[in-house]
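K.L.:
I'd like to ask some things about the structure below.
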Amino acid sequence: MITVAMGGAIGAAFRYIISEQISQRKSVLPMGTIAVNVLGSLIIGILAGIVATDTWRLLLVTGFCGGFTTFSTATVDTLRLAKTGNWRAALINTVANLTLSLTAVFIGISIGMASGVSL
């Protein structure tokens, strides 16, 4: 439990820092949220290909990546866009989060499995 909490705290802090830096750039879309979800999906994919022990999986996959990525914020962002009448941006946000994250996790798993590294 402490392992998950430590990883989650670090992941959430990184999510905040990265998301805030990216969100400072003007965009209709919540690019900070999209960026952390795609990057987190890439990282979790890589880790899925190399992590073998329960301790590392709890710390890095469940903890860090769980704290770093944010599906709930993506859904709130989408609802916020829709409520302001920006249906096009809401749809783009939904599609971008899902397709880019799925692509990133696929690439990450490929990288992780090809690396030959094991934790």
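Readers should treat all values here as calculations from the given coordinates under stated rules, not as data from a laboratory. Being a predicted model, the structure only gives us computed values, none of them experimental. Please note: Cβ atoms are built from the backbone with ideal geometry, for glycine as well, and neighbour counts cover all protein chains shown.
K.L.:
Using 0.36 nm per residue, how much length does the chain from T94 to L119 gain when fully extended, once their Cα-Cα distance is taken away?
P.N.:
Gain on extension, T94 to L119, equals 5.7 nm.
K.L.:
Amide H neighbours of V51 under 5 Å, counting only residues 5+ apart in sequence or on other chains, H built in-plane at 1.01 Å?
P.N.:
Amide H neighbours of V51, under 5 Å, 5+ apart: L119.
K.L.:
Convert each backbone phi in segment 3-18 into a coupling constant with the Karplus relation 6.51 cos²θ - 1.76 cosθ + 1.60 (shift: θ = phi - 60°), then list the ³J(HN,Hα) values in order as whole Hz, x for Gly and Pro.
P.N.:
Residue by residue, segment 3-18 yields 4, 5, 4, 5, x, x, 5, 5, x, 5, 5, 4, 4, 4, 4, 5 Hz.
K.L.:
At q = 0.17 Å⁻¹, what is the log10 ratio I(q)/I(0) for the chain, with the Debye formula run over Cα points and no solvent?
P.N.:
Values, matching the q order: -0.83.
K.L.:
I would also like to ask the following. Between V28 and V76, what is the label-to-label distance in nm when each label sits 7 Å out along the Cα-to-Cβ direction?
P.N.:
Inter-label distance under the simple model: 2.3 nm.
K.L.:
A5 to A52: FRET efficiency via 1/(1 + (r/R0)^6), r the Cβ-Cβ distance, R0 30 Å, to the nearest 0.05?
P.N.:
Values: r = 22 Å, r/R0 = 0.73.
With R0 = 30 Å, the Cβ-Cβ based efficiency is 0.85.
K.L.:
Looking at segment 1-34, which trypsin sites (Lys or Arg not before Pro) are in a loop (DSSP not H, G, I, E or B) and have at most 15 other Cβ atoms within 10 Å? Let's see the in-between values first.
P.N.:
Details: sites: R15, R25, K26; in loops: R25, K26.
When the trypsin sites (Lys or Arg not before Pro) of segment 1-34 are filtered for loop state and at most 15 Cβ neighbours within 10 Å, R25, K26 remain.
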